[in-house]
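To start, the structure itself, in C-alpha cells.
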Amino acid sequence: MQLSTLDRLEPALALYLIIAWRIQYLTVLGRTTPESPCDAVLDPAEWRAVYVAIHRQSPPAAPPPLSAMFGWIARLGGHLGRKCDGPPGPQALWIGLQRARDLAWGMQLASDLYEKSAR
C-alpha cells in the first residue's frame, strides 16, 4: 500500500481504525464474557474454519465458547500459549483473524468446487 500522500493515508487510517476497534472489542469481550458462544461475534464460516484448522476434524454443531476460540485464533496468529506467555494480544488476534478469514474463504471455495463437480 502506497501511503506517501495524505489522500492515500487518510482512507488507510480509517480502515485500520475500524480493524483496531474490532480487535480491541473482541479482546475485551473474550476476557469479560469468556463463556459466551463464539457465534455472537464471529461468522459461522470463520469459527468453523478455525476449529477444523486447529483440531483437524469436523466442527461441532454448537459453537465453542469465546475463550477457547480466541485461544485458537491467537495460535493461528503465532501466539504460543505457554504458561509464561500471558493472554494473547491484539497483534496475534489480528493475524489470527486474517488467517481465519482466509481459511473460511478456502473452505467455501473447496465446497463450491466439490458441489460443482458432483453435478
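The values are calculated or read from the model by the stated rules, or taken from the named source; none is laboratory data. All figures in this text were calculated on a predicted structure; none of them were measured in a lab. When we count neighbours, we look across all protein chains shown, and the Cβ atoms used for this are built from the backbone with ideal geometry, even at glycine.
Data overview
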{"read-out": "Candidates P44, P63, P88 - the one that is surrounded by fewer than 19 Cβ atoms within 10 Å (Cβ to Cβ) and of a type outside the set (F, W, Y)", "value": "P44"}
{"read-out": "Hey, G89 over 25 Å from L109 (Cβ atoms) and in contact with a Lys or Arg (Cβ under 7 Å, 6 or more places away or on another chain) or not", "value": "no"}
{"read-out": "Residue check, W105 closer than 27 Å to Y16 by Cα and exposed (fewer than 14 other Cβ atoms within 10 Å of the Cβ)", "value": "yes"}
{"read-out": "Looking only at region 3-16, and only at residues there that are over 23 Å from Q91 (Cβ atoms) and not basic (K, R), the one that is modelled with the highest pLDDT", "value": "E10"}
{"read-out": "Breaking point among (1) touching a Leu at 6+ places or on another chain (Cβ under 7 Å); (2) surrounded by 15 or more Cβ atoms within 10 Å (Cβ to Cβ); (3) outside any helix (DSSP H, G or I); (4) not basic (K, R), for L29", "value": "(3)"}
{"read-out": "Single residue of region 1-12 satisfying the filter (of a type in the set (A, V, I, L, M) and loosely packed, with under 10 Cβ neighbours inside 10 Å) that is farthest from D43 (Cα to Cα)", "value": "L6"}
